[in-house]
1. When you go through (1) of a type in the set (Asp, Glu); (2) more than 30 Å from Gly233 (Cβ to Cβ); (3) at pLDDT 90 or above one by one for Asp89, which number turns out not to apply?
2. Test Lys151 against the criterion of being of a type outside the set (A, V, I, L, M), loosely packed, with under 15 Cβ neighbours inside 10 Å and either in a helix (DSSP H, G or I) or without any contact (Cβ under 8 Å) to a residue 24 or more places away in the chain (or both), and give yes or no.
3. Every residue in region 268-284 that is part of a strand (DSSP E or B) and either touching an Asp or Glu at 6+ places or on another chain (Cβ under 7 Å) or hydrophobic (A, V, I, L, M, F, W, C) (or both), please.
4. Only residues that are surrounded by 15 or more Cβ atoms within 10 Å (Cβ to Cβ), over 20 Å from the mean Cα position of the chain (by Cα) and among the small types (Gly, Ala, Ser): list them for region 58-74, please.
5. Test of understanding: among Thr223, Thr184, Thr232, which residue is closer than 18 Å to Thr314 by Cβ and without any contact (Cβ under 8 Å) to a residue 60 or more places away in the chain?
6. Quick check on Lys282: is it more than 15 Å from the chain's Cα centre (by Cα) and touching a residue at least 24 places away in the same chain (Cβ under 8 Å)?
7. So which of Asp50, Asp55 ends up being closer than 30 Å to Ala293 by Cβ, at pLDDT below 95 and within 20 Å of the chain's Cα centre (by Cα)?
8. Restricting region 154-173 to residues that are surrounded by 16 or more Cβ atoms within 10 Å (Cβ to Cβ) and not in a loop (DSSP other than H, G, I, E, B), which is modelled with the lowest pLDDT?
Amino acid sequence: MRSLVALLLALVAVPASAQTVTLRYSWQQGQELSYKTTVRTNSAMSGAGDPRSFDQTLSQTLKITVAAVFPDGSATLRQVISSVTLDMDTPGGDRDTPAVKVSYDSAKPPAEDADPRVKAMAQTMGAMVGEAISVTMAPNGSVKRIDGAAKIIDKLMQQLPRDPMAGSLAQNIRAMLGEDALRTSLEQNFSRMPDAPVKIGDTWTSQQSVGADATGKIHGTSTFTLKAIEGTGDAAIARVAVVLALKQAEAPPAGGQMVVKLLDGKGEGEVQFSVARGRIEKNGMQTDISSSAAIRTPDGSTQNIQNKTRTIMTMELLKQEAR
């Protein structure tokens, strides 16, 4: 009898790799979550004088409040940047000039005699602290609607310095807070989940698109693969591998002051997703981009520059606050 029972159990047992799991964002109205994002960027440039490198580390604390949850599982999220720090190592004017380090912390307003670059950061990134955008997100993580960005853009425009750099800064702000850029950023942080249950080894994809005058339209394809389910019950974590491929789908318009050509763009990372709680626990991605740029100088000549950039992004849940 025991051998018969054992045989029946063996026949009906399903290997862990064949079991399916549903990965869905699950929000509760009034819920508050805090995430910390850190983006480390290294760029190496050549072709215009001596080779140069540029390092930057941007950290933000993002507070999310669930404003509403709809019958289909979609939710409206109020997202606020509660703090930001930025550290930059900029190259000197030539090989004999040491790099200059500039640091900004939104918790420490710059002094009157602070570096002008620090003051500019306070007027742009610092002005974003405390401002809210409203995001409506589907259960699979796709962004359905974004509200509130125009108000932030207007605020930043009013605070721009009245100097020759203002036009370039304004263009960068509009590109950074444009709907395509915000959607891409949000869907990279809160990665797309599959539309149907998946088992270990299954894959799914999502598409992103962002554009700027200098680059034209850049398309990204993220391919996700469920690698493992670790733990059980409320502690179950899905480990999802991510591979990113970038391509320049549309060339930038001719006649611009700078025209950028994407030579290669790829990335890889991992998402750790709480199955029971329906939320990102940790997200990481390394992206490598090679590009060339033709820059028109004031005398009408053209400077050609090659650039290689590595970006390492991490986002991690800090805590779940009480309602």
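The values are calculated or read from the model by the stated rules, or taken from the named source; none is laboratory data. From a predicted model like this one, the values you see are computed outputs, not experimental measurements. As a convention, Cβ positions derive from the backbone with ideal geometry for all residues, glycine included, and neighbour counts pool all protein chains shown.
1. (3)
2. Against the criterion (of a type outside the set (A, V, I, L, M), loosely packed, with under 15 Cβ neighbours inside 10 Å and either in a helix (DSSP H, G or I) or without any contact (Cβ under 8 Å) to a residue 24 or more places away in the chain (or both)), Lys151 qualifies.
3. Val271, Gln272, Phe273, Ser274, Ile280, Lys282, Gly284
4. Scanning region 58-74 gives Ala67, Gly73, Ser74.
5. Answer to the check: Thr184.
6. For Lys282, the condition - more than 15 Å from the chain's Cα centre (by Cα) and touching a residue at least 24 places away in the same chain (Cβ under 8 Å) - is not met.
7. Asp55
8. If we take residues in region 154-173 being surrounded by 16 or more Cβ atoms within 10 Å (Cβ to Cβ) and not in a loop (DSSP other than H, G, I, E, B), then Leu169 is modelled with the lowest pLDDT.
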